[in-house]
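Colleague: After the structure tokens below, expect a handful of questions from me.
The values are calculated or read from the model by the stated rules, or taken from the named source; none is laboratory data. Since we're looking at a predicted model, the values are computed, not measured. Positions of Cβ are generated from backbone atoms using ideal geometry, with glycine treated the same way; all protein chains shown enter the neighbour counts.
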Amino acid sequence: MAVTDGTVVWVGEDRPGRALHPDAEIIELDGAFVTPAFVDTHVHVTALGLMLTGLDLTGARSRRECLDLVRRYAEEQDDAVIWGHGWDETTWTDDPGAPTTTELDAAAPGRMVYLARIDVHSAAASSLLRRAGGVDDAETPVTAEDHHRVRAAARELLTAAQRARSRTAALDSAAANGIVAVHECAGPDISGREDLRELLAHPHGVEVRAYWGQPVTTAAEAKALLAETGAAGLGGDLFVDGAIGSRTAWLHEPYADRPDTGNAYLDVDTIAAHLRACTEARIQAGFHVIGDASVAAVVEAFERVAGELGGPAVAACGHRLEHVEMITAEQAATLGGLGVVASVQPVFDELWGGDHGLYAQALGRDRAATLNPFAAMAAAGVSLAFGSDAPVTPVEPWAMLRAAVNHRTEGSGVSPRAAFSAATRGAWRAGGVRDGLAGTLVPGAPASYAVWEAGELVVTAAKDSVQRWSTDPRSRVPALPHLDPESPSPVCLRTVHRGETIYER
């Protein structure tokens, strides 16, 4: 492959390539292999960095161990706020239940403590921080508006140096995993405008495309908000509902383990108004949508706006839905016909799917088996793009591809070729790049690629096994590693974006 001025100019056999480009700088791969670089379509950069540089609770195996981690961190660090992430009480069998306010006060006396649950839709917080956020001293984690208030109070305690260090750590991690671009899903209740402004000004080789999750009602308001925030679209985590783990996803029927149906943050009229305004302004809109009731509300809004402005006008914007976990085939067909992109997170199914996982606990096995139907969505014409929702799941693209291929529900996974496309070409399309070149390595494409330690390559056809890669030249996907559940991830040796090396091992 030959690259000039950040663009691929030639791909072919080695000997003629050297003859055609005699003065080129030669980089020998020594058995390594090259792929188009990855794009992560759903991240929270600063929050990811705070976990990488601070208190990571994802490995806690019990409430006691979680509290011990908090206690040790409090003894070693004097930060104004103890910011932690990743506890998941559904995996704790010997010591179940979320950390209580009293327990946090005992683990870190006199300290402000904010511990986001793994899905970041609820958080345990110390009594001091709860009071700072204007929230009562209940023992249970905060959710919904109370969570937003407590998180905002915790954000105010972070220093500029902490935030900058966190962003660098997060983007460094992305580059080290072969990722050249991320889609930041920001909003007034998530990270705030100051965080977004700082992120967009933060110098780094990883490209950041920002989304701002705040509803508007007119095209003029949409254009003004885009200009004020510096965002590329008005979507991402614009919450229609919450998350299944925190029992805040909006459902038609009650949860299996409690009598309520979750939270509805936006109604159909508000969703339609935002979608109409963005479509008229030719701005990409989007929504965070997980539960079946929230999906139904969004589909109704899309149908309403398409009836008013026409399907082609809606489709031209490439509007997005984030997560969209509980979707029927009929709803997928409607959205596919309107050019909607689904930014989905395959590792959700790996973490929480199956007969005994979180989904089954919260929804019952029958409903749980319908979640994240990637194959049905793709078959209905919905364009898939893959993301991590980091820090909810790790920034590890190969693990994400394995999860998409080896779905816990038979028939819901996608082929390795489709999975790789959703993390490259499909991810660029989700960010508005529709030139047919981004995410490939053909003449004329941006020279955005990663070099990987090879390991075992597969050269047989995809039809032989879902664990094998296609060598069909029409797919633009070369032979690549196994994606069976136990296969190790390739190791990134170099990441290049538009001809510039942004990571080298």
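Colleague: Take residue 259 and tell me if it is outside any helix (DSSP H, G or I) and without any contact (Cβ under 8 Å) to a residue 12 or more places away in the chain.
Modeller: So residue 259 fits the description; yes.
Colleague: Would you mind stating whether residue 74 is touching a His at 6+ places or on another chain (Cβ under 9 Å) and either among the hydroxyl-bearing types (Ser, Thr, Tyr) or not in a loop (DSSP other than H, G, I, E, B) (or both)?
Modeller: Spelling it out, it is not the case that residue 74 is touching a His at 6+ places or on another chain (Cβ under 9 Å) and either among the hydroxyl-bearing types (Ser, Thr, Tyr) or not in a loop (DSSP other than H, G, I, E, B) (or both).
Colleague: From the list 186, 125, which one is in contact (Cβ under 8 Å) with a residue 40 or more places away in the chain, touching a helix residue (DSSP H, G or I) at 6+ places or on another chain (Cβ under 9 Å) and among the small types (Gly, Ala, Ser)?
Modeller: 186
Colleague: Okay, moving on. State whether one or more residues within the stretch 333-344 are closer than 27 Å to residue 212 by Cα, within 13 Å of the chain's Cα centre (by Cα), of a type outside the set (D, E, K, R) and surrounded by fewer than 23 Cβ atoms within 10 Å (Cβ to Cβ).
Modeller: No, the stretch 333-344 has no match at all.
Colleague: Checking residue 227 against (1) among the hydrophobic types (A, V, I, L, M, F, W, C); (2) crowded, with 19+ Cβ neighbours inside 10 Å; (3) not in a loop (DSSP other than H, G, I, E, B): exactly one of these is not met. Which one?
Modeller: For residue 227, the exception is condition (2).
Colleague: State all residues of the stretch 321-343 that are in contact with a Cys (Cβ under 8 Å, 6 or more places away or on another chain) and closer than 18 Å to residue 185 by Cα; if no residue qualifies, say none.
Modeller: 322 - this is the single residue of the stretch 321-343 that is in contact with a Cys (Cβ under 8 Å, 6 or more places away or on another chain) and closer than 18 Å to residue 185 by Cα.
Colleague: Follow-up question, since we're still on this one. Does any residue of the stretch 176-187 turn out to be assigned to a helix (DSSP H, G or I) and crowded, with 20+ Cβ neighbours inside 10 Å?
Modeller: Looking for residues that are assigned to a helix (DSSP H, G or I) and crowded, with 20+ Cβ neighbours inside 10 Å, one finds none in the stretch 176-187, hence no.
Colleague: Further, regarding this structure: Of the residues in the stretch 4-47, how many are surrounded by 15 or more Cβ atoms within 10 Å (Cβ to Cβ), under 21 Å from residue 444 (Cβ atoms) and hydroxyl-bearing (Ser, Thr, Tyr)?
Modeller: Result for the stretch 4-47: 2.
Colleague: Could you tell me whether the stretch 296-317 includes any residue that is outside any strand (DSSP E or B), in contact (Cβ under 8 Å) with a residue 60 or more places away in the chain and either buried (at least 24 other Cβ atoms within 10 Å of the Cβ) or aromatic (Phe, Trp, Tyr) (or both)?
Modeller: We begin by selecting, within the stretch 296-317, every residue outside any strand (DSSP E or B); these are 296-317.
Add one more test, that the residue is in contact (Cβ under 8 Å) with a residue 60 or more places away in the chain, and what stays is none.
Checking the stretch 296-317: not a single residue is outside any strand (DSSP E or B), in contact (Cβ under 8 Å) with a residue 60 or more places away in the chain and either buried (at least 24 other Cβ atoms within 10 Å of the Cβ) or aromatic (Phe, Trp, Tyr) (or both).
Colleague: On to the next question. Sort through 136, 95, 119 and tell me the only one that's within 19 Å of residue 393 (Cβ to Cβ) and either outside any strand (DSSP E or B) or β-branched (Val, Ile, Thr) (or both).
Modeller: The match here is 119.
Colleague: Then there is this: Is there any pair linking a residue in the stretch 479-505 that is within 10 Å of residue 451 (Cβ to Cβ) to one that is modelled with pLDDT under 95 and among the aliphatic types (A, V, I, L, M), with Cβ under 6 Å and at least six apart or on different chains, and which?
Modeller: As it stands, the answer is 493/32, since those pairs meet every condition given.
Colleague: Among 213, 178, which is the only one that is modelled with pLDDT of 95 or more, touching a strand residue (DSSP E or B) at 6+ places or on another chain (Cβ under 9 Å), within 24 Å of residue 450 (Cα to Cα) and small (Gly, Ala, Ser)?
Modeller: Checking each option against the conditions leaves just 178.
Let's see how each residue does on (1) surrounded by fewer than 22 Cβ atoms within 10 Å (Cβ to Cβ); (2) at pLDDT below 95; (3) in contact with a Cys (Cβ under 9 Å, 6 or more places away or on another chain):
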| site | (1), (2), (3) |
| --- | --- |
| 126 | no, no, no |
| 131 | yes, no, no |
| 142 | no, no, no |
| 157 | yes, no, no |
| 170 | no, no, no |
| 190 | no, yes, no |
| 196 | no, no, no |
